[in-house]
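Input: a single structure, listed below in structure tokens.
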Amino acid sequence: MARKTNLLFILTDQQRSDTMECYGNSHIRTPSLNSLARASSVFENAYVSQPVCTPSRASILTGLYPQTHGLSTNGIPLGSETRTIAEMVSEEYVCGYYGKWHLGDELRPQHGFDWWRSMEEYRGQYSRSEDLSRFSDYHHFLIESGFKPDTEGRGHILFSRRMAAKLPEKFTKARWLGREAARFIRENKRRPFVLYVSFLEPHMPYDGPLNDMYPRDQLGTGPQFLRKPPKNASVLNRAFADYYMQSTFEGHDLSTEAGWREMRARYWGNVTLVDRSVGVVLGALEESGLAENTIVVYTSEHGDMMGDHGMYNKQVMYEEAAKVPLIVRVPWLGKQGDVVKGRVSQIDLLPTLLDLMGEHVPGELQGESRAPVLRGESTLEMNDVFVQ
């Protein structure tokens with residue numbers, strides 16, 4: 001029998017689509033992602049189900065809209081009755097989830113993922129009190145590397161995100177995660193696998209070892225940069241802009257353009273940090289001889305306003321928050337830098353991937369397979385998407 005298709009799914013957190021060369025940014029340094037895009041199909045307009053962390057990533061993993069999987073905001077665990085892709089694929093697959101989970105019980109393998117590397121400490125979402133005395137795999141890595149935690153969390157001393165972001169590059173979450181994912185690929189090269197690699201970056205605190213990589217006065221900005229919403233915009237969006245443009249965040253004075261540019265430059269630096277780790281993971285795929293039999297997906301769970309309309313963060317219905325990069329490499333289709341016009345929703349990712357992998361597509365999934373689009377048999381140019 002022919003070997004089953006592998007899946008490598010790379011997910012970032014809070015990455016706008018215009019932070020990559022294939023989406024028009026010629027200034028940012030993302031050589032690994034550029035190389036991936038040139039060998040892939042690049043979706044011109046890809047949208048999340050909801051521009052908030054937990055609801056969006058739950059939709060990516062389950063193929064269900066937030067109102068169906070029930071995770072309508074952050075802090076809600078994914079119920080045991082709701083299946084992820086790891087619970088849908090056939091038993092031959094070894095399934096790994098590495099990095100930020102944010103769907104409850106961060107430290108424990110669950111929902112069909114047997115290989116697990118935890119990175120975050122969302123202690124308010126633990127269902128078992130004994131987990132409060134446990135720590136993430138990344139925490140243990142830092143302890144073994146000689147670092148000391150700096151903040152208190154529910155009775156224990158933890159590493160804050162701010163401290164972790166200020167570590168030398170090889171100790172950052174991104175680089176640690178890239179190495180761990182590469183090890184998974186090498187150790188499972190003789191078995192079909194599904195591997196999700198979930199980065200925190202370029203998510204706030206917008207800080208990292210590459211803070212000084214990009215000149216502040218040369219950053220690309222669009223026509224909406226620091227331009228407040230019009231008077232007929234929602235009261236909420238106008239209030240957000242009024243607040244953000246008079247605030248201080250992580251030491252950045254956002255009442256000044258210089259403060260916004262400083263934050264945006266650091267954000268770009270974290271995108272480059274992720275790119276370097278993606279290169280490590282893709283390198284392991286090549287070295288293991290698996291690249292031609294592995295579907296690779298690169299996307300983000302939502303974007304970031306990053307000064308457009310006078311806001312940062314997400315949670316608003318603007319393109320900058322709801323539109324994300326989406327790159328899909330299916331080697332046997334031979335699509336080299338193919339740009340897929342039209343609009344697609346991340347709700348379609350799970351049925352598309354199962355279809356391409358030759359796996360059963362469950363009837364409860366709320367999206368549809370876009371494999372015909374990737375094969376060039378149909379288009380998305382008249383397609384509408386729903387964003388909550």
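The values are calculated or read from the model by the stated rules, or taken from the named source; none is laboratory data. Nothing here was measured: the structure is a model prediction, and the numbers come from that model. Don't worry about glycine lacking a Cβ; one is built from the backbone with ideal geometry, like all the others, and counts go over all protein chains shown. Surface accessibility is based on the protein's heavy atoms, side chains included, excluding ligands, DNA and RNA. Shrake-Rupley method; radii C 1.70, N 1.55, O 1.52, S 1.80 Å.
Show me the trypsin sites (Lys or Arg not before Pro) within region 295-387 that DSSP assigns to loop and that have at most 16 other Cβ atoms within 10 Å of their Cβ.
For trypsin sites (Lys or Arg not before Pro) across region 295-387 that sit outside H, G, I, E and B with at most 16 neighbouring Cβ atoms in 10 Å, the list reads Arg375.
If you consider only alpha-carbon coordinates, what radius of gyration and Dmax does region 99-190 have, in Å?
Gyration radius and largest Cα-Cα distance of region 99-190: 13.6, 43 Å.
Accessible area per residue for region 302-382 in Å², computed with a 1.4 Å probe and the full protein assembly in place, what is it? Don't skip to the end; give the middle numbers.
Values: 3010 Å² over 81 residues.
On a per-residue basis, 37 Å².
I need the semi-axes of the equivalent ellipsoid of region 14-162: take the C-alpha gyration tensor, multiply each eigenvalue by 5, square-root it, list largest first in whole angstrom. Don't jump to the answer; show the numbers that get you there.
On the way: eigenvalues 165, 102, 53 Å².
So the equivalent ellipsoid measures 29, 23, 16 Å along its semi-axes.
Once the piece of chain linking Phe147 and Asp131 is laid out straight, how much longer is it, given 0.36 nm per residue of separation minus the C-alpha distance between them? Mind dumping the intermediate values first?
Details: separation 16, 0.36 × 16 = 5.76 nm, distance 2.19 nm.
Going from the current span to full extension adds 3.6 nm.
Hey, quick one: spin label on Met213, modelled 7 Å out along Cα-Cβ, who in region 35-75 has an amide N within reach, i.e. under 14 Å?
Correct set: 35.
Taking the Cα centre of region 76-194 as origin and charging only Cβ (+1 Lys, Arg; -1 Asp, Glu), how large is the dipole, in debye to the nearest 20?
Working: 21 positive and 18 negative charges, 117 e Å.
About 560 debye.
Going from most exposed to least, what order do Trp332, Trp268 have by accessible area with a 1.4 Å probe?
Working: Trp332 115, Trp268 15 Å².
Largest accessible area first, the list is Trp332, Trp268.
In square nanometres, what is the average projected area of the Cα convex hull of region 339-380?
Working: hull surface 11.8 nm².
Averaged projected hull area, Cα only: 3.0 nm².
Just need the relative contact order of the chain here, percent rounded to a whole number, with Cα pairs under 8 Å and 6+ apart. Present the calculation step by step, with values, prior to reporting the outcome.
Working: 820 pairs, mean separation 118.1, N = 388.
This gives 30 percent for the chain.
Can you compute the helix-only [θ] at 222 nm over the chain? Use -39500 (n - 2.57) per DSSP H run of at least 4 residues, normalise by all residues, nearest 500 deg cm²/dmol.
Working: 11 runs with 107 residues, N = 388.
For the chain, the value works out to -8000 deg cm²/dmol.
Starting from 0.36 nm per residue, how many nanometres of slack lie between Trp332 and Arg38 once their C-alpha separation is accounted for? Show your work: numbers first, answer last.
Numbers: separation 294, 0.36 × 294 = 105.84 nm, distance 1.45 nm.
Residue separation times 0.36 nm, minus the Cα-Cα distance, leaves 104.4 nm.
Using all Cα-Cα distances in region 178-243, what percent lands in each 10 angstrom bin from 0 up to the longest?
Cα pair-distance distribution for region 178-243, in percent: 14, 23, 25, 20, 14, 4.
Report the dimensions of region 260-388 along its three principal axes from the alpha-carbon atoms, largest first, rounded to Å.
46, 39, 26
Among 195-208, 251-264, how do they line up from the highest to the lowest mean number of other beta-carbon atoms within 10 Å? Show your work: numbers first, answer last.
Numbers: 195-208: 23.9, 251-264: 18.0.
Output ranking for 195-208, 251-264: 195-208, 251-264.
Residue separation times 0.36 nm, minus the C-alpha to C-alpha distance between Arg154 and Asp253: what's the value?
Working: separation 99, 0.36 × 99 = 35.64 nm, distance 3.11 nm.
Once the chain is fully extended between Arg154 and Asp253, it gains 32.5 nm.
List the trypsin sites (Lys or Arg not before Pro) within region 3-51 that fall in a DSSP loop (any state other than H, G, I, E or B) and whose Cβ has at most 11 other Cβ atoms within 10 Å.
Details: sites: Arg3, Lys4, Arg16, Arg29, Arg38; in loops: Arg3, Lys4, Arg16, Arg29.
The qualifying sites are Arg3.
Counting residues in region 158-299 as N, plug N into 2.2 N^0.38 Å and put the Cα Rg over that result.
Values: Rg = 19.1 Å, N = 142, 2.2 N^0.38 = 14.5 Å.
Dividing the Cα radius of gyration by 2.2 N^0.38 Å gives 1.32.
Of all the accessible heavy-atom surface of region 253-388, with the other protein chains kept in place and a 1.4 Å probe, what percent is carbon and sulfur?
Numbers: 2170 of 4730 Å².
Here carbon and sulfur together make up 46 percent of the probe-accessible area.
Students often get this wrong: which residues of region 347-388 have the backbone nitrogen under 14 Å from the point 7 angstrom along Cα-to-C-beta of Met317?
Residues passing the 14 Å test: 385-388.
By what distance, in whole Å, do the Cα atoms of the chain stretch along each of the three principal axes, largest value first?
Taking the Cα atoms of the chain, the three principal extents are 63, 52, 38 Å.
Kirkwood hydrodynamic radius for region 257-303: how many Å is it when counted over pairs of different Cα atoms? Intermediate results must be reported in sequence, preceding the final value.
Values: mean 1/r = 0.0775 Å⁻¹.
Kirkwood radius, region 257-303: 12.9 Å.
Please compute the net charge surrounding Ser40, taking Lys and Arg as +1 and Asp and Glu as -1 over other residues with Cβ under 10 Å from its Cβ.
Working: positive: Arg38, Arg329, Lys335; negative: Asp338.
Cβ neighbours under 10 Å give a net charge of +2.
Listed here are the pairs Lys100/Lys314; Lys189/Lys335; Lys100/Lys170; Lys173/Lys335; which of them are more than 20 Å apart at the Cα? Don't jump to the answer; show the numbers that get you there.
Values: Lys100/Lys314 18 Å; Lys189/Lys335 24 Å; Lys100/Lys170 18 Å; Lys173/Lys335 32 Å.
Violating the 20 Å Cα-Cα cut-off are Lys189/Lys335; Lys173/Lys335.
Only loop residues by DSSP count here, and only those with at most 13 other Cβ atoms within 10 Å; note down the trypsin sites (Lys or Arg not before Pro) in region 118-178 that meet that. Before the final figure, lay out each step's value.
On the way: sites: Arg123, Arg128, Arg134, Arg154, Arg161, Arg162, Lys166, Lys170, Lys173, Arg175; in loops: Arg128, Arg134, Arg154, Lys166.
Taking region 118-178 and a limit of 13 other Cβ atoms within 10 Å, the loop trypsin sites (Lys or Arg not before Pro) found are Arg128, Arg154.
Take region 1-75, compute every pairwise Cα distance, and split them into 10 Å bins from 0; I just need the percent in each bin.
Final binned percentages: 16, 37, 30, 16, 1.
Based on the alpha-carbon set only, what is the convex hull volume of region 43-129 divided per residue, in Å³?
On the way: hull volume 9.9 nm³, N = 87.
Spread over its residues, the Cα hull of region 43-129 gives 113 Å³ apiece.
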